[in-house]
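Read through the structure below, which is laid out as structure tokens, and then see the notes.
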Amino acid sequence: MATSRLLSLIACLLSTVSAQAEIAVSAKTVGQLLFYPQFSAPAEVLSKQDSFLSAQLSAQIEKIHVEVGDQVAVGDTLVELDCAIYEAQLNTQKAALGEIDVQLNLANDQYRRAKSLNEAGNLGEEGLQLRVTELEALQARRKVQEQQARVAQISVDRCVVTAPFAGVVTERSAQLGALAAPGSALIRLVQLAGAELSARVLPTQNFVGQQMLSFEYLNQIYPAQLRVVLPVVDARQRTQEMRLAFPEELPPPGAAGRLLWQANQPHLPAELLVRRQQGEEWQLGVMLADGDTARFYPTPNAIEGQPFATDLPTEAQVITDGRLLVDDGEAISLRGGDVN
């Protein structure tokens, strides 16, 4: 009788110890926790063309046709340089070209007469060859002179600085009467059309072509469309640059704001992440309730403090309260009212 009572007492104690060893936790299904978070990143509007237009030769600035803020079209004259010297050089080269043309006409006539005399037997081959050589030498000289005249024409053309694209003048360094040197900036021209957005995001962000993106600037929202994600990761910032186009209204070039987008994959809240040792490494993941046992599920792409995408089935049970107290393989019990 005493032995039976002792065995019952031992069984009761073991049951109590076992019950005390189970950690009470709360859990919810993945489907209850999933959401689509909104992200943002700093972004800046960049002009496709932002050029400092420079002089290509040395000359005095004679006329300035634009001021800061003026909008110009392609080919509009911006600055004119004193071109008297270069025009004189061009006229000299053209005159030399005309002189060669006169000599070339004479050489052609002499060649034709020499050829007729040679065919009649009144002029030897040596005399004919001399006329051929003279003609070919003049033809070669004319080609050289043509190129020299062309170079002189280019110099004259460069006395007028024109707009290579339509845009707005944002700076004017040119001063009337000043001497412009080759390479010295005269006008800064910024293209307004076709501006695009530059933003830097983490490599873990996954974008698709039709994903809804927008740019927020001064409390105004501009729809944006992904053009390309550069396949290069910045070593210092650990980010990738992405370029976006504006299909509708354009913000002004240089505007700095935030790129906004909503995740295209369901995410779990950042506070569910825990860190557990797996082998020799510590990994981020979530604690799952597998019956009466806790299981650690690693999430390799998760970043601490940020919502993370998951491929867990929606019926999987994620431990919420008590997740920091349990480890992989430990016994758990779900509190009353939680998912079973």
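Quick note: the coordinates plus some simple rules give every number you see, no bench work behind them. Fair warning: this is a prediction, and the values are worked out from it, not measured in the lab. Note that each Cβ is placed from the backbone with ideal geometry, even for glycine, and that neighbours are counted across all protein chains shown.
For Rg/Rh (Cα atoms, Kirkwood Rh), the value calculated from this model appears in (1) 1.42; (2) 1.07; (3) 0.97 under label (1). Simple rule: put +1 on each Lys or Arg Cβ and -1 on each Asp or Glu Cβ in segment 217-306, find the dipole, and look at 266, 254, 240; the Cα lying farthest toward the positive end is 254.
So if R0 is 30 Å, what FRET efficiency would residue 170 and residue 216 give, r being the distance between their Cβ atoms, rounded to the nearest 0.05? Result of the calculation: an efficiency of 0.80. For segment 84-157, rounded, prolate or oblate, judged on the Cα gyration tensor with a ≥ b ≥ c (square roots of eigenvalues), a/c < 1.5 rounded, else prolate if a/b > b/c? Here segment 84-157 falls in the prolate category. Give the residues of segment 99-124 whose amide nitrogen is closer than 17 Å to a point set 7 Å from the Cα of residue 141 in the direction of its Cβ. Zone members listed by number: 99-111.
With the contact rule set at Cα under 8 Å and sequence spacing of 6 or more, what percent relative contact order holds for the chain? Before the final figure, lay out the partial values.
Working: 642 pairs, mean separation 95.5, N = 340.
So the answer I get is 28 percent.
The DSSP beta bridges internal to the chain are antiparallel in roughly 95% of cases.
Could you tell me the calculated FRET efficiency between residue 237 and residue 328, based on Cβ-Cβ distance and R0 = 25 angstrom, to the nearest 0.05?
E between residue 237 and residue 328, to the nearest 0.05, is 0.10.
With R₀ fixed at 56 Å, the C-beta to C-beta distance from residue 245 to residue 110 puts the FRET efficiency at about 0.25. Basic side chains Lys and Arg get +1 at the Cβ, acidic Asp and Glu get -1 at the Cβ, and with that the dipole of segment 149-231 about its Cα centre reaches some 220 debye. By the rule of a C-alpha distance below 13 Å, with chain neighbours fewer than 8 residues away ignored, the aspartates and glutamates paired with residue 115 are 125, 126.
Taking GluC sites (Glu not before Pro) as exposed when their DSSP state is a loop state and no more than 10 other Cβ atoms lie within 10 Å, the longest site-free interval of the chain runs over 68-247. May I ask for the net charge around residue 64, where only other residues with Cβ less than 15 Å from the Cβ of residue 64 are counted and Lys, Arg are +1 while Asp, Glu are -1? So the environment of residue 64 carries a net charge of -4. In a reduced charge model with +1 at each Lys and Arg Cβ and -1 at each Asp and Glu Cβ, segment 84-157 shows a dipole moment near 60 debye about its Cα centre.
Under the combined filter of DSSP loop state and at most 16 neighbouring Cβ atoms within 10 Å, segment 280-340 retains these trypsin sites (Lys or Arg not before Pro): 335.
Projecting label points 7 angstrom from Cα along Cα→Cβ for residue 36 and residue 132 puts them 8.4 nm apart.
The charge dipole of the chain, taken about its Cα centre with unit charges on the Cβ of Lys, Arg, Asp and Glu (plus for the first two, minus for the last two), comes to roughly 220 debye.
Using the membrane-span-like helix rule (whole DSSP H runs, Cα extent along the own axis of at least 24 Å, mean Kyte-Doolittle hydropathy at least 1.0), which helices of the chain qualify? Span-like helices, by this rule, are 2-21.
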